[in-house]
1. Restricting attention to segment B:238-247, which residues are under 14 Å from the mean Cα position of the chain (by Cα) and either assigned to a loop (DSSP other than H, G, I, E, B) or of a type outside the set (S, T, N, Q) (or both)?
2. Do the conditions hold for B:Val204, that is, is it closer than 12 Å to B:Leu129 by Cβ and within 14 Å of chain A (Cβ to nearest Cβ)?
3. State all residues of segment A:247-265 that are touching an Asp or Glu at 6+ places or on another chain (Cβ under 9 Å) and either within 9 Å of another protein chain (Cβ to nearest Cβ) or among the charged types (D, E, K, R) (or both); if no residue qualifies, say none.
4. Restricting to segment B:55-103, count the residues that are at positive phi, out of contact with any Lys or Arg (no Cβ under 9 Å at 6 or more places or on another chain) and surrounded by 15 or more Cβ atoms within 10 Å (Cβ to Cβ).
5. Scan segment B:248-262 residue by residue and report those that are more than 7 Å from every other protein chain (Cβ to nearest Cβ), under 17 Å from B:Val57 (Cβ atoms) and part of a helix (DSSP H, G or I).
6. For segment B:156-170, enumerate the residues that are in a helix (DSSP H, G or I) and closer than 20 Å to B:Ser118 by Cα.
7. Identify, please: which residue in segment A:151-175 is of a type in the set (A, V, I, L, M, F, W, C) and under 30 Å from A:Gly69 (Cβ atoms) and is, among those, surrounded by the fewest Cβ atoms within 10 Å (Cβ to Cβ)?
8. So B:Thr92 ticks every box in (1) assigned to a strand (DSSP E or B); (2) in contact (Cβ under 8 Å) with a residue 40 or more places away in the chain but one. Which box is left unticked?
Amino acid sequence: MSAVNTAESESMPSAEATQQEAVLEVRDLSVVYDLDTKAVDHVDFELAPGETLGLAGESGSGKSTLALGLCRLLRPPAVITSGSVIYRGSRVAPGGVDLLELSSRELRKLRWREISIVFQSAMNALNPVLRIRDQLGDVLDAHLHLRRGERHDRLNTLLDLVGIPRERLRSYPHELSGGMRQRVMIAMALAADPEVVIMDEPTTALDVVVQREILGQIVELQNRLNFAILFITHDLSLLLETADRIAVMYAGKLVEVGSAEQIHNRPAHPYTQGLLGSFPSVHGARKELAGIPGTPPDLRSLPPGCPFVPRCNHATEKCRGIDMRMNPVPGSDPSHLSACPFVTFEMAKANTPKVKAATSNGPT
Amino acid sequence: MSEQLASAGVISAAAARGPLVLEARSLGKDFKLSHGWHRDILSAVRGVSLGLYQSAVVALVGESGSGKSTVSRMLAGQERPTTGEIALDGETVQPWTHGQFRPYKSNVQMIFQDPFASLNSVHKVRYALARPVRLHQHLKGHNAIEAELERLVERVRLTPAQQFLAKYPHELSGGQRQRVAIARALAAQPRVLLADEPVSMLDVSIRLEVLDLLDELRSQFQLAVLYVTHDIASARYFADDTLVMYAGEIVERGPSEDVTQQPAHPYTQLLVASAPDPDNFAGEIRPASSGEVRRAGSALSTTVGCRFAPRCPLAEDRCRAQAPPLLQVSAQRAAACWRLDVAAPDLLHRTQEEREEAIKT
């Protein structure tokens, strides 16, 4: 970590340094659309080997732009304006490589082999005129150079891995259900045995029952193959269950990072607190829901300082001058970071929510 | 109270809030499918009976393809039922016929899932709202209409009103657009509001506000609301009564809190178990798995037996041979399952005790 540490020591909060060396380290990453819309604004995080990091945010918060930026899949008018993405897999040179500085040829070797990505819409991500066998085989041919027999075995193993019958190799994407297509995408992402898998809303388009099955399968595969996951979703309730650590994003900036337990029990940033009070749950006792007043931010005209100010219960004049730097939350573990220097978990509990809950109608 | 429901002996929890307004009497909808020479009939909806009561919310919950949207479209008069009938204030209506459509629409209005598609993008908000005001309220004169438009827009908490009336849909956020759609539905001064997934396209942080607004309007205008959703958790908080649909049929019905906290039907149990549990942080993902989903196949008219049987862990020969009717579980609850004694033993046991108690007193 030393090379990066000296270069970016200022933006690197020492408290976040994990015991294990991170397999993916994102420092000060910024992505800009049309030169003035900051979709991702100075984002720092790291992903430990075998870890699941959840990235939660609303639509327009920049979470998908961040994922595409990591893999350098962004198209104009999006431009990466600053930062580094250091990948330190076991198969690359010690010290890691900066994905943002590779040539496109070097990058092509890394994609799928080291870092793969699963998109939300499997129907659009799969080629409709190719059989599943050919699409999976493409990944193998490009990266693994297997002999014919080995290739055949590998294809079968991959389908077994995600629980799809082997005869489905002959199918076209339209012959599969939504859940099966998403499983094929996962199989494809795992085909070349990568160390990092980015999942961009992998289950959002699916029914809850199927979503559950696929999540269970992802967790099981991760336990077996030990890859790290960056799990991107708008559904914080899902992340609390699946992720080891959670990063919450708002208007292109990270606002809070912590373990699932810290985020659930002691949310420090007002936005996280609002999100946690926003979704109803079928499990447990009925709770008072609060919601977040106002509308999601417009990235083209953000207020100075904290972008959450217009919707925040705790906002004061001081909030307009802060630099959104992530700092350890007082009274919590040093790995728990928040961008709000004023609000604590205890303050939020004392404050009454502004939006009345839609619970008056309950048969209690 | 509908005949079908009364015969099942189930009292709707929503009935406690007000008189029956709109009623579906064993509605069914078949769609013809063709695969080359082969023809099939898909019964997208079969024998669905439900009542919408004044000032009450009834939720219709199910996965995609379960027929819940088809039910709401039939109730809105946009789809003609193959079997069954619709009754408004106890009188049978045929909203798809030419003369009855507009008077029916004055009573029954709908909100759609996608506020980006449901508003005409070349017209301003003022146009979208002025049409129903003229057609259904028969207001004349610029000033009267303008005053009504302002009142409507303020009613859905879009202020300042004049500013929003002059905007095009693309200038509004998703939440604001859905508010305009709600205002448009209210412009007809309806008594029934059919909301088909009204918040599922919105961001998590603003869903609650829109649901809250709907709830406020419900109590203020004494609206009978049908809330169609795939999210059983929101039904728990928002609706008096929850009906669960699977492959075109209602498999369970009852007060929302009871249905979500003590589901009786194996499918409802699967649905509840599959919902994310935020309190189970960084824990084990409980396997809630059961077979591959065969959606279209299981709703074909040729299917015999319980449609959930292929996925049901409790299925036995009887389930595969004969479709179970909605059986009463308690005073307000019913479930369509032959194996309730295994699926929900506590529930049946308690009902038995309640009955004996009732006989004694």
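1. B:Phe238, B:Ala239, B:Asp240, B:Asp241, B:Leu243, B:Val244, B:Met245, B:Tyr246
2. Considered against the rule, which asks whether it is closer than 12 Å to B:Leu129 by Cβ and within 14 Å of chain A (Cβ to nearest Cβ), B:Val204 comes out as no.
3. A:Lys253, A:Ser259, A:Ala260, A:Ile263, A:His264
4. So the answer is 0.
5. B:Asp258, B:Val259
6. Answer for segment B:156-170, where residues must be in a helix (DSSP H, G or I) and closer than 20 Å to B:Ser118 by Cα: B:Phe164, B:Leu165, B:Pro169, B:His170.
7. A:Leu161
8. (2)
The values are calculated or read from the model by the stated rules, or taken from the named source; none is laboratory data. Quantities reported herein were computed from a predicted structural model and do not represent experimental measurements. Every residue, glycine as well, gets a Cβ built from its backbone with ideal geometry; the counts of neighbours run over all protein chains shown.
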